[in-house]
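Undergrad: Take this structure, written in structure tokens, and hold onto it; I'll ask about it next.
Read-outs throughout are calculated quantities, based only on the coordinates presented, and are distinct from any laboratory measurement. Since this is a predicted model, take the numbers as computed values, not measurements. Here the Cβ positions follow ideal geometry from the backbone for every residue, glycine too, while neighbour counts run over all protein chains shown.
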Amino acid sequence: MPKSQNINPEEVRKPTFIEFGKIPVNQYNKSIQEERKNFSTEDFTRIYRDMVIIREFETMLNLIKTTNEYNGIAYNHPGPAHLSIGQEASAVGMAYNLGIDDYIFGSHRSHGEILAKGLSAIDKLDEDILYTIMSGYFSGGALKVVEKGFEGNIRDLSVHFLLYGALSEIFARENGFNKGLGGSMHAFFTPFGIYPNNAIVGGSGDISVGAALFKKINRKPGIVVCNIGDASMGCGPVWEGIIFATMDQYKTLWKGAYKGGLPLIFNFMNNLYGMGGQTMGETMGYDILARVGAGVNPEMMHAERVDGYNPLAVIDAFKRKKALLAEKKGPVLLDTLTYRISGHSPSDASSYRSKEEIEAWQKEDSIITFGIELVTAGIKKEEELDEIRQETGKLITHILKLAVNDDISPRLDLVKDPDSIGKMMFSNGSEDRMEEGTPEVLIPLKDNPRIKSLKNKERFFKDKEGKPASKAKLFQLRDGIFEAVIDRFYKDPTLAAWGEENRDWGGAFAVYRGLTEALPYQRLFNSPISEGAIVGTAIGYGMCGGRVIAEIMYCDFLGRSGDEVFNQLPKWQAMSGNLIRMPVVIRVSVGSKYGAQHSQDWSSLTAHIPGLKVVFPATPYDAKGLMNTALQGTDPVIFFESQRIYDIGEMFHESGVPEGYYEIPFGEPDIKREGDDLTILTIGATLYPAMKVADTLQQTYSISAEVIDARTLVPFNYQPVIESVKKTGRIVLASDASSRGSFLKDMAQTITELAFDYLDAPPVVVGSRNWIIPAYEMEEYFFPQPDWFLDAIHEKIVPLKGHTVKHDFSAEKTILLNKEGV
Ligand SMILES: Cc1ncc(C[n+]2csc(CCOP(=O)(O)OP(=O)(O)O)c2C)c(N)n1
Ligand SMILES: [Mg+2]
């Protein structure tokens, strides 16, 4: 079903010029008098107060870091504190008009944004709602602390709660917003629309796009603001995020209510520096950051530089941009100019900038300047401003006292419960759908052409007469995955899938053929070739409450999404104190035939990272059952599929692959063939060579091999494997991954520990070579072959009578290869 967008050569070959419009730079020029009609005295006061609160909060942190004391309270904080002293006006201006439906994402330097957004939410919410939020958050632990002895109204109490929750998080206390598991650089509080801040520079660049997609696809109110630094413009996730967010298809192909741009503002908090690298004039070539918008789309992303030293200029910009987003004209790029008076961190000696420069910016300090303007305009008296500062000092002192007190604010007790962090790694939920509602589909399931054709397939590899079914008749592994996926699309209205060639092409290796007919664009779409953002957007979508399947076309391209897979996807559930759920399934196809950069099995890399569930089915029955489980769950799953076996039929489950729904629990290895003398444990497609080996062992050497298919790497139940080893005393482990540092080695070591007394020989790993993967014609020298198993068994486990070794698995060779690094 091709897109009806013909690309006409006459049209696109015509000579023309690209016209760039003007990008406004610091165009706000209203006086405070002029703004009096837009802001009440209370509004102006709040703006001033919020900036002062942020300044004092961070001044306190600076003193704690540099002198171990603030207002007579001693404390040592060994962790990070990337302060934004100087940047308060940009944070308060950004947050001023945002409600709790508007989500902000941030960076390592986001204390100011957290407080500004929180204070803005507190100002807008009814007191009873505020109280409900506070008392419901982690059983009201933080509320109880700030409530004790507090006299005043609930709105003021909420300010105490906000400051205490944030500071406790920075000091890694259990009452922190994320149980102390996020800390300074990651703290967030979703009830106020404050989403994760990210210690990876640019990390929010694509996650926030996923959040905006969540809002768009599920028609939720509100916008998303991605607050990132100017130096993050050099980061892949930011560029990929921008490209993902500005795709034409939102305007050209998405239909009805879904048509139009994303509700998203990339807000670069441009303090002109990375750490010491000067972005303007040294590490970037844009001169003015806002220029970048011009190259991205014809709307130039409505880019604009705003004077982030003036809170009113920022408020004005956000108000105008929010209106644009409401008209579905997003996304927007803002270059919010600011300056960090404080060092990158408190230990920063500022060797990269002159004293004169810092002093020049200090002279224009936004709080001082805004205060003078308020007094000059007769809105506030100097004494009143002074009182705000005094009161804020007292407040911060009070909050600090509470947060450093080990009795009032203890840390998670890892002595009492050493597993408490472990228990937060996964949410382990089971949800048919992430939200109630009717899933949007284009045709009834029964009318789907692929569903119809699958009705005629042989769901076991032999037909009723016991003859092998022809390839055309066979229900294949790819069909098993398809059935699980389409079933969930008709159950869960939030489910969306994206990746390269996911739509018209039918998905990589035809797994998705039949989905295009069934689903509107917003539920299934082609992404740019942005593997980082494919995963990053899925993370943002998942953490906001949607279920998503993202696809990586070849496992090798996981490298392009390294940060997202290693640093983001596995971390946010635990770093939220287990409040966030992450129902994100990443389908990863493991290649063959295409050489060194298209055939690698990296399941071991993902299994190494705590917080990911890792699945690698080898049969259609397992593929369908495990995909059903992945899509029923609420945790991130890396779902490996081997291209070697997409065509294969079901050879083990004799009643065939059921047409209906069933789940296969994660972590349960499956005995594919029973035996008594030797165990072979396989991961992925090596099941098939292992079965051949088992035949040979039986026929030629009268050795009865038990073949166990791991099916899942994480979690993994060792019990059935240990039971097998107790019986056989010997085990070979095999997979297509390069053997050095592989998950097989980890399993071999664990099995040695758990079953040492039962083993007659050491567990033996038969993995792939530690080389580049050669061309298909030479693959047999790289991937484990049946005779490798036999050689390894003969050399290391039990001599096979009459066997002649072809491959050297001797101890000498092992030492030599390791010495050579291959
Ligand atoms: C991916 C990554 N690279 C490097 C760092 C180390 N680092 C932390 S902050 C920073 C500078 C970031 O500058 P910018 O994005 O402008 O934000 P700012 O610190 O100015 O707020 C660097 C290099 C990091 N945290 N993450
Ligand atoms: Mg910067």
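Undergrad: Given q = 0.16 Å⁻¹, what are the Debye log10 I(q)/I(0) values for region 645-747, with equal point scatterers placed on the Cα positions and solvent ignored?
TA: With one equal scatterer per Cα and no solvent, log10 I(q)/I(0) is -0.74.
Undergrad: Still on this structure: Just to check I understand the Karplus step: with θ = phi - 60° and J = 6.51 cos²θ - 1.76 cosθ + 1.60, what whole-Hz values come out for region 659-670, glycine and proline as x?
TA: Each residue of region 659-670 in turn: 6, x, 7, 8, 10, 10, x, 5, x, 9, x, 10 Hz.
Undergrad: If R₀ is 45 angstrom, what is the calculated FRET efficiency for the pair LYS593 and LYS726, using the beta carbon separation as r and rounding to 0.05?
TA: 0.70
Undergrad: Using square roots of five times the C-alpha gyration tensor eigenvalues, list the equivalent-ellipsoid semi-axes of region 323-429 in whole Å, biggest first.
TA: Semi-axes, largest first: 38, 26, 21 Å.
Undergrad: Next up: Pick out, in residue order, every one of the chymotrypsin sites (Phe, Trp or Tyr not before Pro) in region 4-104 that is DSSP loop and has at most 13 other C-beta atoms within 10 Å; say none if there are none.
TA: Those that pass, being in a loop and sparsely packed, are PHE17, PHE20.
Undergrad: Under a 5 Å amide H to amide H cut-off, with H placed in plane at 1.01 Å, what residues pair with ARG673 once short-range neighbours are removed?
TA: Sorted by chain and number, the residues that satisfy this are VAL707.
Undergrad: Determine the distance separating the Cα centre of region 199-222 from the Cα centre of region 723-788; give it in Å without decimals.
TA: Between the Cα centre of region 199-222 and that of region 723-788, the gap is 41 Å.
Undergrad: Compute the length gained on full extension between ASP407 and ASN29: take 0.36 nm times their separation in residues and subtract their Cα-Cα distance, giving the result in nm to one decimal.
TA: My answer for the length gained is 130.9 nm.
Undergrad: While we're looking at this one, here's another question. In terms of modelled amide H atoms, which long-range or inter-chain residues lie less than 5 Å from the amide H of ALA734?
TA: LEU681, THR682, ILE683, VAL766
Undergrad: Any idea how far the Cα center of region 407-453 sits from the one of region 109-158, in Å?
TA: What the calculation gives is 28 Å, centre to centre.
Undergrad: Then there is this: With 39 Å as the cut-off, how large is the P(r) tail for the chain, expressed as percent of Cα-Cα pairs?
TA: Summing the P(r) of the chain above 39 Å gives 45 percent of all pairs.
Undergrad: Ok, one more. Per 10 Å bin from zero, what fraction in whole % of the C-alpha pairs of region 509-584 is there, up to the bin with the longest pair?
TA: The calculated distribution, bin by bin, is 18, 46, 30, 7, 0.
Undergrad: Here's another thing I want to ask about it. Under 20 Å between alpha carbons, and skipping anything fewer than 8 positions from LYS462 in its own chain: which aspartates and glutamates qualify?
TA: By straight Cα distance, LYS462 reaches ASP479, ASP622, ASP647, GLU650, GLU654, GLU659, ASP695.
Undergrad: If R₀ is 41 angstrom, what is the calculated FRET efficiency for the pair PHE20 and LEU442, using the beta carbon separation as r and rounding to 0.05?
TA: After rounding, the FRET efficiency stands at 0.55.
Undergrad: Where does each of VAL404, VAL766, VAL12 land when they are ranked from fewest to most other beta-carbon atoms within 10 angstrom?
TA: Ascending number of Cβ neighbours within 10 Å: VAL12, VAL404, VAL766.
Undergrad: If amide H atoms are built 1.01 Å from N in the plane of the peptide, which residues on other chains or at least 5 residues away come under 5 Å of the amide H of VAL25?
TA: ARG305
Undergrad: Show me, for region 220-232, the HN-Hα J-couplings you get by feeding each phi into the Karplus relation (A = 6.51, B = -1.76, C = 1.60, θ = phi - 60°), rounded to Hz, glycine and proline as x.
TA: So the Karplus estimates, Gly and Pro as x, are 9, x, x, 10, 10, 10, 9, 8, 9, x, 5, 5, 5 Hz.
Undergrad: Measure nothing but the geometry: give the 0 to 90° angle between the long axis through the Cα atoms of 41-67 and the longest principal axis through the Cα atoms of the chain, rounded to 10°.
TA: Here the helix axis deviates by roughly 60 degrees.
Undergrad: D for region 423-465, whole µm²/s, Stokes-Einstein with Kirkwood Rh over alpha-carbon pairs at 4 °C and 1.567 mPa s: what number?
TA: Taking Rh from Cα pairs, D becomes 88 µm²/s.
Undergrad: Please give the Cα centre distance for region 1-28 versus region 581-657, rounded to the nearest Å.
TA: 41
Undergrad: Can you sort LEU626, LEU312, LEU157, LEU334 from fewest to most other Cβ atoms within 10 Å of each residue's own Cβ?
TA: LEU157, LEU312, LEU626, LEU334
Undergrad: I would also like to ask the following. Taking only the alpha carbons of region 44-124, what extent do you get along each of the three principal axes, in Å, biggest first?
TA: Largest first, region 44-124 extends 37, 26, 20 Å along its Cα principal axes.
Undergrad: So if R0 is 56 Å, what FRET efficiency would GLU777 and GLN249 give, r being the distance between their Cβ atoms, rounded to the nearest 0.05?
TA: Efficiency at R0 = 56 Å is approximately 0.90.
Undergrad: Mind putting a number on the dipole of the chain about its Cα centre? Charges go on the C-beta only, +1 for Lys and Arg and -1 for Asp and Glu, and I need it in Debye to the nearest 20.
TA: Computed about the Cα centre, the dipole is about 1580 debye.
Undergrad: Let me ask another. Output the pairs from LYS124/LYS251; LYS464/LYS672; LYS65/LYS416; LYS215/LYS321; LYS613/LYS672; LYS322/LYS355 with a Cα-Cα distance over 26 Å in this structure; if there are none, say none.
TA: Beyond 26 Å between Cα atoms: LYS124/LYS251; LYS65/LYS416; LYS322/LYS355.
Undergrad: Next question. In terms of the Cα gyration tensor, with a ≥ b ≥ c the square roots of its eigenvalues, is region 383-447 rounded because a/c is under 1.5, prolate because a/b exceeds b/c, or oblate?
TA: Because a/c hits 1.5 or more and a/b fails to exceed b/c, region 383-447 counts as oblate.
Undergrad: Using only alpha-carbon positions, what ratio does the radius of gyration of region 576-706 give when scaled by 2.2 N^0.38 Å?
TA: Against the empirical 2.2 N^0.38 Å value, I get 1.18 for region 576-706.
Undergrad: Which of rounded, prolate, oblate describes region 276-318, given a ≥ b ≥ c as roots of the alpha-carbon gyration tensor eigenvalues and a/c under 1.5 marking rounded, otherwise prolate only if a/b is larger than b/c?
TA: Oblate is the answer for region 276-318, as a/c is 1.5 or above yet b/c matches or exceeds a/b.
Undergrad: Another one. Would you mind classifying region 452-529 by shape? Square roots of the alpha carbon gyration tensor eigenvalues, ordered a ≥ b ≥ c; an a/c under 1.5 is rounded, otherwise it is prolate if a/b is larger than b/c and oblate if not.
TA: Because a/c hits 1.5 or more and a/b exceeds b/c, region 452-529 counts as prolate.
Undergrad: Which distance in nm do the two modelled labels at GLN362 and ALA811 give, with both placed 7 Å along the Cα-to-Cβ direction?
TA: Result: 7.0 nm between the two label points.
Undergrad: Can you give the helix-only mean residue ellipticity at 222 nm for the chain, where every DSSP H stretch with n ≥ 4 adds -39500 (n - 2.57) and the sum goes over all residues, rounded to the nearest 500 deg cm²/dmol?
TA: -11000 deg cm²/dmol
Undergrad: Treating the angle as unsigned and between 0 and 90°, give the value, to the nearest 10°, between the Cα long axis of helix 204-217 and the longest Cα principal axis of the chain.
TA: 90
Undergrad: Cβ under 11 Å from VAL306's Cβ, VAL306 left aside: what net charge do those residues give with Lys, Arg +1 and Asp, Glu -1?
TA: -1
Undergrad: Something else about it: Calculate the all-directions average of the projected area of region 89-131's alpha-carbon convex hull, and give it in nm².
TA: Result: 3.1 nm².
Undergrad: Run the dipole for region 254-338 about the Cα centre, Lys and Arg Cβ at +1, Asp and Glu Cβ at -1, nothing else charged, and hand back the magnitude in debye, nearest 20.
TA: 540
Undergrad: Tell me the trypsin sites (Lys or Arg not before Pro) within region 112-180 that lie in a loop according to DSSP and have at most 14 other beta-carbon atoms within 10 Å.
TA: The qualifying sites are LYS148.
Undergrad: For helix 620-632, report the angle its Cα long axis makes with the longest principal axis of the Cα atoms of the chain; keep it between 0 and 90° and round to the nearest 10°.
TA: The helix 620-632 is inclined about 20 degrees to the chain.
Undergrad: Extension gain SER347-THR67, at 0.36 nm per residue separation less the Cα-Cα distance, in nm?
TA: Fully extending the segment from SER347 to THR67 adds 99.7 nm.
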